[in-house]
Amino acid sequence: MKKKTIQNQFIRDNFIEKIENTSEIWDIIIIGGGATGLGVALDAASRGFRTLLLELADFSSGTSSRSTKLAHGGVRYLAQGNLSLVNEALFERGLMLKNAPHLVRMLPFIIPGYRWWEKYFFGIGLKIYDWMARKLRVGKTVLLSSQEVKNFMPNLRSKGLKGGVLYFDGQFDDSRLAINIAQTCAEKGGVLINYMKVKSFRKNKEGLICGVCVEDTINGKEYSLDSKVVVNATGVFTDDILEMNSAIKSSLVKASQGIHLVVNKSFFKGNHALMIPSTSDGRVLFALPWHGHLLVGTTDTPMEHHSLEPVALESEISFVLKNLSVYLDRKLTRKDVLSVFAGLRPLVTPSKEKGTKEISRDHKLMTSTSQLITITGGKWTTYRRMAEDTINEAIKIGALEDRKCRTTNLKIHGYLKPKKQYNHFDIYGSDARKIKDLAAKKPLWNEKLHPEFPNIKAEVVWIVRNEMALTIEDVLGRRLRILFINAKAAIEMAPEVVVLMAEELKMDSIWQTQQLQKFISTAQNYLTEPYFPTLKNLDISKTTNPKLKI
Ligand code: FAD
């Protein structure tokens with residue numbers, strides 16, 4: 001008889017209760033709540049396994065909120081001849097579009113050509129790209145005249161333009177998708193807890209892993225949890241977890257930093273994305289329309305150290321500004337940057353040292369002698385496939401019942417076919433209606449958070465109640481995306497947001513003050529000039545909560 005799935009509400013306190021009140025052994029514990037870990041948790045829960053995911057900070061607060069947001073096969077990897085990677089990613093791109101249409105959409109790209117042969121060269125490559133996607137193709141590649149390119153991209157430099165190529169790829173909202181994957185996992189019976197750090201492994205007499213010891217970083221409470229299988233899905237932190245397992249120095253993953261800048265959309269009007277196939281150092285640069293702004297990136301800088309809050313280097317900012325300006329009719333400067341963010345790619349290292357551009361972008365799945373399963377590398381686009389491989393391995397390692405993967409046709413939470421006209425509520429998919437209902441309940445919740453943004457207060461209330469946001473950064477960074485779009489505006493919204501959060505979470509004014517200070521300090525990393533507004537600028541006097549004082 002088919003087992004009935006018990007849906008879990010996506011509420012942290014309920015999840016904590018589940019780990020406190022269970023003496024049962026989990027089938028699978030996953031360390032890391034980025035794209036990789038969340039994908040693994042969803043795959044496991046949807047196959048009916050008792051699944052627990054533990055994330056040190058917020059879901060997707062690592063690399064998975066800091067990507068270029070392309071659901072793509074990787075035109076660059078095609079040029080490198082890595083056909084199997086492109087093939088796999090194109091298939092996954094199609095599934096993302098099919099299963100999460102509220103967050104993943106088809107985007108037209110243009111590669112401008114300034115030498116006569118370029119449009120034919122790229123055109124042939126992109127026709128192959130289309131052909132490789134087969135039934136899951138998202139649009140047809142077309143060669144363009146210089147006038148057609150200018151019609152699509154009025155701000156593109158005209159001098160020397162010989163034509164271009166129009167092709168199609170996928171674009172998505174990374175951290176929104178991460179939250180929706182987590183919610184889908186909960187609906188399949190999975191338990192997911194953010195702000196929960198894995199500190200050590202539990203091992204049996206044979207030295208095999210049988211659980212983890214964790215700390216709730218909100219209140220310091222510790223737990224010891226049993227599991228048949230433990231999966232390490234910690235991105236650039238992979239080696240730290242491997243060293244926790246065996247005390248031998250590990251160097252499986254090398255971090256490569258990539259940054260993005262967000263500027264006003266007026267620099268590049270139109271609905272098409274620009275793809276620059278070769279920058280001054282031979283890399284690819286994108287300029288993409290994103291939430292009514294222009295997202296530009298990225299870089300590929302080898303890093304010796306990794307952290308949860310990487311910061312863009314001055315040299316990276318100059319590189320992006322300089323390389324995009326070459327293609328614009330107007331020069332971009334630091335002053336035009338509304339937000340800058342950095343992310344660290346977890347690249348799997350080969351035995352010999354290489355520049356990060358050449359290191360493998362494929363994923364790596366391995367099982368240690370202690371039976372710890374590690375999954376790393378890959379791309380956001382391939383998260384589902386990485387998860388499928390991981391759970392197939394977990395079934396063998398944990399002697400679990402052999403159940404088939406169910407994620408190929410699994411609709412992601414919020415599933416809704418988008419309307420043609422863009423609306424900022426679209427990112428919530430089917431939840432948008434419920435947020436509007438909430439706003440109708442209290443006139444205050446219908447108010448905007450900031451004059452330059454359409455977001456309303458009801459969204460914050462919804463996010464705290466239903467999306468497990470615990471800090472201002474969770475709300476403004478990964479749920480509303482404002483920190484990534486305009487860091488100054490995010491700072492200006494913070495006092496209103498913290499009041500709404502405090503009411504929902506029943507927090508006092510000390511908590512509010514600490515939250516504001518921490519957020520304003522973190523937000524400096526997203527700015528090219530420091531912005532520490534005084535209390536007056538923050539307009540705390542006008543917030544609806546008289547208790548707020550700093
Ligand atoms: P992460 O997202 O970093 O997640 C790992 C998590 O593990 C973190 O949240 C961390 O807090 C947690 N963790 C660490 N230690 C512990 C512990 N002790 N206990 C509990 N939790 C722990 N891919 C695409 O498909 N398309 C793109 O356009 C694209 N663009 C990119 C651009 C840039 C600049 C970068 C850097 C990457 C890009 N990628 C892209 C790749 C993609 O973003 C990554 O492959 C993916 O996000 C990696 O996810 P992850 O879950 O492995 O790592």
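Using the membrane-span-like helix rule (whole DSSP H runs, Cα extent along the own axis of at least 30 Å, mean Kyte-Doolittle hydropathy at least 0.0), which helices of the chain qualify?
Long hydrophobic helices here: none detected.
Putting +1 on Lys and Arg Cβ atoms and -1 on Asp and Glu Cβ atoms, find which of Gly207, Leu295, His260 reaches farthest to the positive end of the dipole of region 189-308.
In region 189-308, that residue is Leu295.
Let me know the longest stretch in the chain that avoids all GluC sites (Glu not before Pro) found in a DSSP loop with at most 15 other C-beta atoms within 10 Å.
Of all site-free stretches, the longest is 25-205.
Compute the Rg to Rh ratio over region 424-542 from the alpha carbon atoms, using the Kirkwood formula for Rh, and round to two decimal places.
Numbers: Rg = 13.6 Å, Rh = 14.4 Å.
Rg/Rh for region 424-542 comes to 0.94.
About its Cα centre, what dipole magnitude does region 62-118 give when the only charges are +1 on Lys and Arg Cβ and -1 on Asp and Glu Cβ, stated in debye to the nearest 20?
180
With a bin width of 5 angstrom, please list the P(r) values of region 370-448 as percents of all Cα-Cα pairs, from the 0 bin to the one holding the largest distance.
For region 370-448, the pair-distance distribution reads 3, 11, 14, 13, 13, 11, 9, 10, 9, 6, 2, 0.
So how do Cys405, Cys185 rank on accessible area, 1.4 Å probe, biggest first, that is with the largest at the start?
The ranking, largest first, comes out as Cys405, Cys185.
Which loop-located chymotrypsin sites (Phe, Trp or Tyr not before Pro) does region 37-131 contain, where loop means any DSSP state but H, G, I, E or B and the Cβ has at most 16 other Cβ atoms within 10 Å?
Listed in order of number, the matching sites are Tyr114, Trp116, Trp117.
Over region 27-92, what per residue volume does the convex hull of the Cα atoms give, in whole Å³?
Hull volume over Cα atoms, normalised by residue count, gives 104 Å³.
If you take every DSSP beta bridge fully contained in the chain, what fraction is antiparallel? Give it as a percent rounded to 5.
Details: 63 of 79 bridges.
DSSP beta bridges in the chain are roughly 80 percent antiparallel.
What do you reckon, how do Phe484, Phe237 stack up by accessible area (1.4 Å probe), largest on top? Let's see the in-between values first.
Numbers: Phe484 0, Phe237 55 Å².
Sorted by accessible area, descending: Phe237, Phe484.
Report the one residue of Gly220, Ser246, His272 whose Cα lies farthest in the direction of the positive end of the charge dipole of region 215-272 (charges on C-beta: Lys and Arg +1, Asp and Glu -1; origin at the Cα centre).
His272
Please list log₁₀ I(q)/I(0) at q = 0.17, 0.22, 0.26 Å⁻¹ for region 193-257, using the Debye equation with identical point scatterers on the alpha-carbon positions.
-0.67, -1.02, -1.20
Using only Cα atoms, locate the centre of region 37-80 and the centre of region 117-174, then give the distance between them in Å, rounded to an integer.
Distance between centres, Cα-based: 28 Å.
Using a 1.4 Å probe on the protein chains only, how many percent of the accessible area of region 424-542 belongs to carbon and sulfur?
Reported share for carbon and sulfur atoms: 53 percent.
How big is the convex hull of the Cα atoms of the chain, per residue, in Å³?
154
Which of Lys417/Lys518; Lys228/Lys417; Lys69/Lys441; Lys69/Lys221; Lys203/Lys254; Lys162/Lys488 have a Cα-Cα distance over 32 Å?
Working: Lys417/Lys518 38 Å; Lys228/Lys417 39 Å; Lys69/Lys441 34 Å; Lys69/Lys221 36 Å; Lys203/Lys254 28 Å; Lys162/Lys488 39 Å.
Long pairs (Cα-Cα over 32 Å): Lys417/Lys518; Lys228/Lys417; Lys69/Lys441; Lys69/Lys221; Lys162/Lys488.
Among Val499, His102, Ile435, flag the residue with its Cα farthest along the positive direction of the charge dipole of the chain, charges on Cβ as +1 for Lys/Arg and -1 for Asp/Glu.
After comparing all options, I get His102.
Looking only at Cα atoms, what is the convex hull volume of region 1-128 per residue, in Å³? Mind showing how you got there, number by number?
Details: hull volume 21.7 nm³, N = 128.
For region 1-128, the hull spanned by Cα atoms encloses 170 Å³ per residue.
Answer rounded, prolate or oblate for region 296-438, using the Cα gyration tensor with square roots of eigenvalues a ≥ b ≥ c: rounded when a/c is under 1.5, else prolate when a/b is larger than b/c, else oblate.
Judged from the Cα gyration tensor, region 296-438 comes out oblate (a/c at least 1.5, b/c at or above a/b).
Tell me, what % of the accessible area of region 1-53 is carbon and sulfur with a 1.4 angstrom probe?
Within region 1-53, the accessible surface is 48 percent carbon and sulfur.
Let me spell out the model: positive unit charges on the Cβ of Lys and Arg, negative unit charges on the Cβ of Asp and Glu, origin at the Cα centre of region 1-110. What dipole size does that give, in debye rounded to 20?
For region 1-110, the charge dipole is close to 500 debye.
Given only helices, namely DSSP H runs of n ≥ 4 each adding -39500 (n - 2.57), what is the per-residue ellipticity at 222 nm of the chain, to the nearest 500 deg cm²/dmol? All intermediate terms of the calculation are to be shown ahead of the outcome.
On the way: 16 runs with 178 residues, N = 550.
Calculated from helices alone, the mean residue ellipticity at 222 nm is -10000 deg cm²/dmol.
Search the structure for amide H atoms under 5 Å from the amide H of Ser339, placed 1.01 Å from N in the peptide plane, and list their residues when 5 or more places away or on another chain.
Here Val262, Ala487 satisfy the definition.
Would you kindly work out the equivalent ellipsoid of region 454-513 from its C-alpha gyration tensor and give its semi-axes, the square roots of five times the eigenvalues, largest first in whole Å?
That gives 17, 13, 9 Å for the three semi-axes.
What does the charge add up to near Tyr195, with Lys and Arg as +1, Asp and Glu as -1, over the other residues with Cβ less than 10 Å from its Cβ?
Taking every Cβ under 10 Å from that of Tyr195, the sum is -3.
What's the magnitude of the charge dipole for the chain around its Cα centre, counting Lys and Arg as +1 and Asp and Glu as -1 at the beta-carbon? Answer in Debye, nearest 20.
So the magnitude is around 1900 debye.
Using a 1.4 angstrom probe, figure out how much accessible area the chain has per residue, in square angstrom, rounded to the nearest whole.
43
The values are calculated or read from the model by the stated rules, or taken from the named source; none is laboratory data. Because the structure is predicted, anything quoted here is derived from the model rather than measured. We place every Cβ from the backbone using ideal geometry, glycine too, and count neighbours over all the protein chains shown. For the accessible areas, the whole protein counts, side chains as well, though only heavy atoms, and no ligand, DNA or RNA atoms are used. Shrake-Rupley method; radii C 1.70, N 1.55, O 1.52, S 1.80 Å.
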